[in-house]
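Each value in this text was obtained by applying a stated rule to the coordinates, not by laboratory testing. Predicted, not measured: the structure shown is a model, and the values here were computed from it. For neighbour counting, all protein chains shown are included, and Cβ atoms are generated from backbone atoms with ideal geometry for every residue, glycine included.
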Amino acid sequence: MCRSIAELCTSDHKGDPAILERWLGNKTPDVFRAWIRQSDNNLLVAIDCERVVGVGSVTDQGQITLNYVSPDARFRGVSKTLLAALECRAASRGCLFCTLNSTETARRFYLAQGYVETGVPGGHFGTSSGYPMSKSLRAGV
Ligand SMILES: CC(C)(COP(=O)(O)OP(=O)(O)OC[C@H]1O[C@@H](n2cnc3c(N)ncnc32)[C@H](O)[C@@H]1OP(=O)(O)O)[C@@H](O)C(=O)NCCC(=O)NCCS
């Protein structure tokens, strides 16, 4: 996850050490364990040859809070597969929509996956991105 942010999300942090420090600051093993334990959170990983190549999470309310691919596995369908699994999990919890705040880096990806922008960017750890987006989980709606 940290490599995904540092190496792939360059359009967002632009190499600014202060932004990177804020963004990576809460990506610690303890915080990560707390996300796994959170009872209304669903944390999924993508595995390739016994290696974790992606991580994503969605709350029972349909908010996608993580979706990060390893730089070693970029553009091989990992995020598409993970996103579909997160949406499936949200639907199984009764959600009608998924929502998220997209990085600049993933904006085009989410638009291609059927998300629509729902507001102005809220800023993301000091970046100018954090695009609020939403997608209906009901077919054709
Ligand atoms: C952009 C990103 C999300 C794509 O995920 P991936 O696992 O590498 O790629 P996938 O094979 O699953 O998806 C490919 C799709 O990404 C999109 N895509 C392709 N090139 C892209 C690029 N340079 N930038 C953004 N999106 C791109 C296209 O929609 C493509 O679909 P297509 O092959 O049908 O045209 C990923 O590479 C990335 O940069 N992640 C960084 C972490 C991040 O920002 N996560 C979002 C947190 S909200």
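State the extension gain, in nm to one decimal, for the chain segment bounded by D48 and R74, taking 0.36 nm per residue of separation less the distance between their alpha-carbons. Walk me through the numbers before you get to the answer.
Details: separation 26, 0.36 × 26 = 9.36 nm, distance 1.23 nm.
Computed gain between D48 and R74 is 8.1 nm.
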- Note on the structure: Answer check: region 30-141, Cα atoms, Kirkwood Rh, Rg/Rh ratio of 0.95
- Query: Modelled label-to-label distance, T28 and T118, 7 Å Cα→beta-carbon offset: nm?
  - Reply: 3.2 nm
- Query: Using the Kyte-Doolittle scale, which helices in the chain average at least 0.5 and also have C-alpha atoms spread 15 Å or more along the helix axis, with helices defined as whole DSSP H runs?
  - Reply: 78-92
- Query: aspartates and glutamates near K135 by alpha-carbon distance under 18 Å, same-chain residues fewer than 8 away left out - which ones?
  - Reply: D60, E87, E104, E117
- Amide H partners (placed H, <5 Å) of D16, local residues excluded: none
- Looking at T103, Q113, L24, which one has the Cα that reaches farthest to the positive end of the dipole of the chain (charges on Cβ: Lys, Arg +1; Asp, Glu -1)? Q113
- Give the cross-link partners of K27 among the lysines, using a straight C-alpha distance below 25 Å as the criterion and excluding same-chain residues fewer than 8 apart. K14, K80
- Query: To the nearest 20 debye, what is the magnitude of the charge dipole of region 2-136 about its Cα centre, counting +1 on the Cβ of each Lys and Arg and -1 on the Cβ of each Asp and Glu?
  - Reply: 180 debye
